[in-house]
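What follows is calculated from the coordinates using simple rules that are stated; it is not laboratory data. From a predicted model like this one, the values you see are computed outputs, not experimental measurements. A quick note on method: Cβ atoms are made from the backbone with ideal geometry, for glycine too, and the neighbour counts reach across all protein chains shown.
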Amino acid sequence: MTTQVAVTNALEVSELRVHTLAGSPVLKGVSYAIAPGEVLALVGESGSGKTTAGLAALGHFRRGLAPAGGAVTASPRDGEPVDVLGLGERERRALRGHTLAYVPQDPALSLNPALRIGRQIAEVLEAHGYGASGEERAARVAEVLGEVGLPADENYQRRYPHQLSGGQQQRVGIAMAFACRPSVVVLDEPTTGLDVTTQTLVLRTVAALTAEHGVAALYITHDLAVVSAIADRVAVMRGGEIVECGAAEEVLRRPAHAYTRELVDAVPDLDGGGGLPEPDGDTETLRVTGLSVSYGEHRVLRDVSLTVHSGECLLLLGESGSGKTTLSRCVAGLNEHHTGTVELAGTALAPSTRRRTAEELRAVQYVFQSPYSSLNPRRTIAQSVEVPLEMLTELPKAARRERVAETLDRVRLSRTLAGRLPDQLSGGERQRAAIARALVTTPKVLLCDEVTSALDVSVQATIIDLLCELRAELGTAMVFVTHNIALARHVADRIAVLRGGEIVETGPVGDVLSAPRHEYTRELLANTPRM
Amino acid sequence: MTTQSTVFRRALSLPQAKIGLALTAVVVLLAVLGPWLGPWLTGYDTTGFAGKPFQSDGVAGTDGLGRDVFTRFLAGGATLLLYAVLATAIGVVLGTALGMLAGYTGGRLDSLIMRGNDVLLSFPQLVFALLAIAMLGPQGWLLVLVIGITHAPRVARVARQATVAVKDSDYIKAAQLYAMPRRRILLREVLPNITGPLMVELGLRLTYSIGYVASLSFLGLGIQPPSADWGLMINENRIALVVEPWGVLLPVLAIAVLTVGTNLITDSLASAAAGREKEVAA
Amino acid sequence: MSRLIVRRLLVSLAVLWLVTLLVFVATLLLPGDPVRAILGQQATPERIAALRAQLDLDAPVWERYLNWLGGVVTGDLGTSTATQGPVNDLLGDRIGASLVLLVAAAVLSTLVGLALGTWSALRRGRAADHTVSGISLVIAALPEFVIGVALIVLLSTTVFPLLPSVTLAPPGEPVWSQPSQLVLPVLTLALVVTPYITRMMRATMSEVLDSGYVEMARLKGIPEKTVLLRHALPHAIGPVAQVIALQLAWLAGGVVVVEFLFRYPGVGQALIDAVNNRDVEVVQAITLLIAAVYIVVNLLADIVGILTNPKLRTEVTR
């Protein structure tokens, strides 16, 4: 045991190793320390082991995992530092929620759906004997709800989680973590799935609470832009190891490790990008006029109009619920319950694919959000890419095969993968296959629906590059649907901002980003974290 | 090469699958070869008089009508197995078709099919079979048909649920994008992706079919005398359980081993299919 | 929420009505002349005439259905062709006897199944869990009569002759006057359904224990007992209620075989006799009765599901 020093770290993790029960390593000796009031960001892509590392700080290991060496030392506010992994289950439990707190990734799954939120916060206080009486605890519940910016009244506390929005649920999760005034808080991707405005609110709350109460925070994320907004220091994880650790500014500006550099370069930046091909842009390929969709009382799209020229890319920007996917599906013919017209090079298209001619079907193609669900798991890549040709052309089998092989080359997918099933490919490879399927009929319009949001940052960048190159090569008109305005300069010539089913602003990317005219666009730009 | 075969391979690598296969194979061989082996081994046929009633003559004694129990035991599984397999086939094919149609189409057709299901589901399977037998008499085709029909709504539930789970997948949307006809989407896009739960259902329904056919025969309302049949033999010989237990024990054992065997195979298929789904999700 | 329950109730009523229709239509399947089919070739002309009048065969089909349905609704289940007496008299005591069997088996199997399933889920992957899973897998495969015969051999005749293998109470005396004769039938029925309840409880509990909110409760430092009682168990009730209901309905069918095997004077035994005698009105009455039990049990399970789901419970306040 070290003797008391004036400033000790609130959390120290050294040479932590975690194995699966079968013995394969998940964490290969992870070390970091966080001082009180400091925010350390733990950055990594999926599968890097960052969540395992975060949970290990609380002495918790998910089923199938076990610690295999190393130490976790936590310092409670009112006591000696303790070795968390050396403690029995009962002592660890006394630390959790009291000294070491956790904010989960998805509050919708982590809040008990059958308990009122006030109850769920009070529960932590009771478990750790916070306060002398019930009144004192009730006062603390109200206080901490206020601290995270939620109403503290009785009525609000009596709500169930499903009666709150995603952002409110996440703030309840944060209130739960901060209720006992812990010395360490582990936040596991707390803003994933929230829109940027709510994300900013949550980030501000976390920053304020950690600074004000001298809490050490471990902020786990995959998003480097968020790191620059909240973290003092950053540790970059890859394959169960920390490859680089240092001051946030330093690591993001002058990354030392090759992997960090790769990550930093891959992050789409609002101000970055540029050098896009000039569209030849005089032929109008796609025109949407007065498109409206309603489900009962609920109006998903209101009188939407837009045009896309050949070789041009339109960024269709909208948060979840804005109607952006509905709009692109209407264009593709997958949603026939709409009014208004969709014209392809001057000819009106039928609302449903069943009424469109083969030529029209070939001309409008769609790439889906998740390559994990857009390819039939029981078909090989080559079979999946061949389907559109089989259904929409009269080509003989040999010619179809030839065309499939050419298209796979075009999306830089090795021909050796053609005979594989989707689950034998990585996410990026699958998305290339899905793009190949859309391109195999040489469409005039390519609709890309959030095609990068299911992918890791480094893969996202390569897919975006591929799409830009293809557009230049083939002169395809493209509609790029996304929630991420930071992608704008990287892919698009023009931008259309969709909010609540209406297009609130449209114009060339440069104009909209530098001089947004609509209040909502300005708010979005202000809340998008920059590196 | 396909994932389908890996489900089978993974299922077969589980210990319960190997035990299940061995148990099932023993009884199936016995049931299929028994009718020929019996007379050749014992010298009696299934209905011939072999000795005084309930005596310990021969391998397993005689029954109440003085027939050789062992000969009848060897011959008693073939019809049961045939009926059970046919009933299962009817139930699974009918149920899968209805369930997929309901799940994929949705809307009014879905409610119509599923409400019809609810009505059939209100009868325990055996009771529904008894209702039919009371009206039309215990005939072979009726047993097969009525057990198959009572399986259908249960299979349909599973098929529908599995179909609903995949029908909003983007690969189905992609197929719609190419204006693929509905029948082809169902057969080529949906069906290959729901074989996991359907295989489990197939195994389960086979286990139950064996149980129902045997139960009905045991109740005297299935396969009729003087046929040699395991269920019927238990009914005929149970009054002499203390004196001559083999007439009851042999068929009970055979049915038990068979149903346990098929259930073990089913369970291994279920674990393999669930494992596959987990992997895909991960 | 109450609107949801009322809707569910109406659906049940509609299904019940369709069931009566189906049960009635089944009688139209009687081949050839139904009276001949029921009474056989040797029937006297007087009996034939009497039965024709009793079955109302000269009236149109829909009128016969309405008459029969009217009887059912007012509690008159018709006349038995075999005993010539009212079906109500025939079934009166037997319903009680069968209910005793059903309720005892249901309570036993539910308690054992829930306890074993939870215990198994908490010891996932360990020897105890594998043992429970293996045994329940084997027993779940066995038809009722196989389990029944095995119990008779084990506890009544050959190995340990402790319990009666058939029901001995004289007619008129209630079955529970000699409790020992209830043991084997109840045990058989309980063994038939316990494995399913166990397996389902294990699966549901495993899923709940792996859920984000249980992990979160543990990460909040809540004591394990509270985690189980407050965070895990309540979420298992809804789905398990459905399975228990399904199993009770299964009992309603299994009771037929078990009563026949143990010569137990219940509804199931009566159904077998009626099928053998082609006693059409009794068959109709009993199948309808069993279907009604099934529908009611399922209705109750769905209501439990609605009540334990806060999303549905608070729907009105949204």
Inset, instruction - For helix B:246-281, report the angle its Cα long axis makes with the longest principal axis of the Cα atoms of chain B; keep it between 0 and 90° and round to the nearest 10°. - result: 10
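For segment A:436-531, which trypsin sites (Lys or Arg not before Pro) pass both filters: DSSP loop (anything but H, G, I, E, B) and at most 16 other C-beta atoms within 10 Å?
Loop-located and lightly packed - A:ARG517, A:ARG530.
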Legend entry - Whole-angstrom Cα spans of chain B along principal axes, big to small: 76, 45, 28
Inset, instruction - Evaluate the distance, in nm, between pseudo-label points positioned 7 Å from the Cα of A:ALA247 and of C:LEU10 along their respective Cα→Cβ axes. - result: 7.0
Inset, instruction - Describe numerically, in nm with one decimal, the distance between label points set 7 Å from Cα along Cα→Cβ at C:LEU233 and at A:ARG412. - result: 5.8
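Given axes a ≥ b ≥ c from the Cα gyration tensor, I'd like to know whether the protein assembly as shown is rounded (a/c under 1.5), prolate (a/b larger than b/c) or oblate.
Numbers: a/c = 2.11, a/b = 1.66, b/c = 1.27.
Verdict is prolate for the protein assembly as shown.
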Inset, instruction - Any chance you could check the Cα centroid distance between segment A:108-177 and segment C:21-88 for me, in angstrom? - result: 66
Inset, instruction - For helix C:45-55, report the angle its Cα long axis makes with the longest principal axis of the Cα atoms of chain C; keep it between 0 and 90° and round to the nearest 10°. - result: 40
Legend entry - Sorted peptide list for C:211-223, C:41-53, A:334-346, criterion being average Cβ within 10 angstrom, highest first: C:211-223, A:334-346, C:41-53
Inset, instruction - Mind checking the full-extension length gain between A:LYS397 and A:ALA472? Use 0.36 nm per residue of separation minus the Cα-Cα distance, one decimal, nm. - result: 24.1 nm
Legend entry - Efficiency of FRET between A:THR341 and A:GLU297 - r from beta-carbon atoms, R0 22 angstrom, step 0.05: 0.35
Legend entry - Radius of gyration and Dmax over the Cα atoms of segment A:347-408, both given in Å: 13.1, 37
Legend entry - Gained length - C:THR158 relative to C:MET1, 0.36 nm times residue gap less alpha-carbon distance: 50.9 nm
Inset, instruction - Provide a whole-number value for the mean count of partner chain Cβ atoms within 10 Å of the Cβ atoms in peptide A:104-113. - result: 5
Legend entry - With Cα atoms, 0 to 90° folded angle of helix A:381-392 axis to chain A main axis: 40
Legend entry - Number of partner chain Cβ atoms within 10 Å, mean per residue of C:254-267: 2
Inset, instruction - Distance between Cα centroids, segment C:203-257 to segment A:454-531: provide it in whole Å. - result: 46
Legend entry - Charge dipole (the protein assembly as shown, unit charges on Cβ, about Cα centre) - positive-most of B:PHE54, C:LEU299, B:ILE185: B:PHE54
Legend entry - Neighbouring partner chain Cβ atoms per residue of A:175-184, average, 10 Å criterion: 1
Inset, instruction - Set the Förster radius R0 to 30 Å, insert the Cβ-Cβ distance between A:ALA211 and A:SER426 as r into 1/(1 + (r/R0)^6), and round the FRET efficiency to 0.05. - result: 0.15
Inset, instruction - Kindly give the semi-axes, whole Å and largest first, of the ellipsoid equivalent to chain A, taking each as the square root of 5 times a Cα gyration tensor eigenvalue. - result: 46, 27, 21
Inset, instruction - Return the long-range amide H neighbours of A:GLY507 (sequence gap of 5 or more, or a different chain), with a cut-off of under 5 Å between placed amide H atoms. - result: A:ILE495
Legend entry - Options A:VAL331, A:LEU317, A:HIS213, ranked by Cα towards positive dipole end of chain A, top entry (Cβ charges): A:VAL331
